[in-house]
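One structure is given here, and the rest of the page talks about it.
No value in this document is a laboratory result; all are computed from the given coordinates. Because the structure is a prediction, the values reported are computed rather than measured. Ideal geometry is used to build each Cβ from the backbone, glycine not excepted, and the neighbour counts take in all protein chains shown.
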Amino acid sequence: MSVSDAKDPKLVLFELYVSTAEKVSDRRAQANAWMLSVNSAIVTLYGYLETGKLSVPNGQRMVWLWAIPAAGVLVCIAWGALLTSYRQLNRAKFAVLQEIEADLPLRPFTRERETYMRDQRRALTYIETTIPGCFMLLYLIISIAAIVIWRS
């Protein structure tokens, strides 16, 4: 291979950094899937407890009817914090990518961001944070229902 065939070191660095950004996005998707599974399991456990399919003494049953939604809220808070962390990491990675591509003939990430902002699209990370919020709302409703059941 001749010297003229060698890749530009800036392009090599850009490609390497793009792959690290992709890995972060993959990890975020895996974390979302895991958190969704955990919340689904919590809701399922609550449903089994509420329908009496789990053999729990009545006094302990009320504790669990409160503890399960509380655990769900804690999981949702952790999920939200995780999403915030991934959002901040991605912002930093894309800022670095835009710095690197400033020296390249094409600037695809900068152009994509400009187009995205021009179209006033809502960032996907903000949309995905509504999911833990919906689960938290569900846990609040479940807790209110437990109060009503307990008082009746």
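Listed options for Rg/Rh (Cα atoms, Kirkwood Rh) are [x] 1.23; [y] 1.02; [z] 1.37. The value calculated from this structure is the one marked [x]. Between S85 and R113, the simple spin-label model (points 7 angstrom out along Cα→Cβ) gives 2.4 nm. The angle between the Cα long axis of helix 58-101 and the longest principal axis of the Cα atoms of the chain comes to about 10 degrees, rounded to the nearest 10.
Please work out how much length the chain gains when fully extended from L13 to Q98, using 0.36 nm per residue of separation minus the C-alpha to C-alpha distance, in nm with one decimal. Mind showing how you got there, number by number?
Numbers: separation 85, 0.36 × 85 = 30.60 nm, distance 1.22 nm.
In short, 29.4 nm is gained.
Contact order for the chain, expressed relative to its length and based on alpha carbon pairs under 8 Å spaced 6+ residues apart, stands at 34 percent. For the chain, lysine pairs separated by 8 or more sequence positions, or belonging to different chains, with Cα-Cα distances below 25 Å total 5.
When the chain is fully extended, how far beyond the present Cα-Cα distance does M62 get from T125, taking 0.36 nm per residue of separation?
Values: separation 63, 0.36 × 63 = 22.68 nm, distance 3.64 nm.
Net length gain for the segment: 19.0 nm.
Put a plus charge on the Cβ of each Lys and Arg, a minus charge on the Cβ of each Asp and Glu, and nothing anywhere else: the dipole of region 1-129 about its Cα centre is then about 420 debye.
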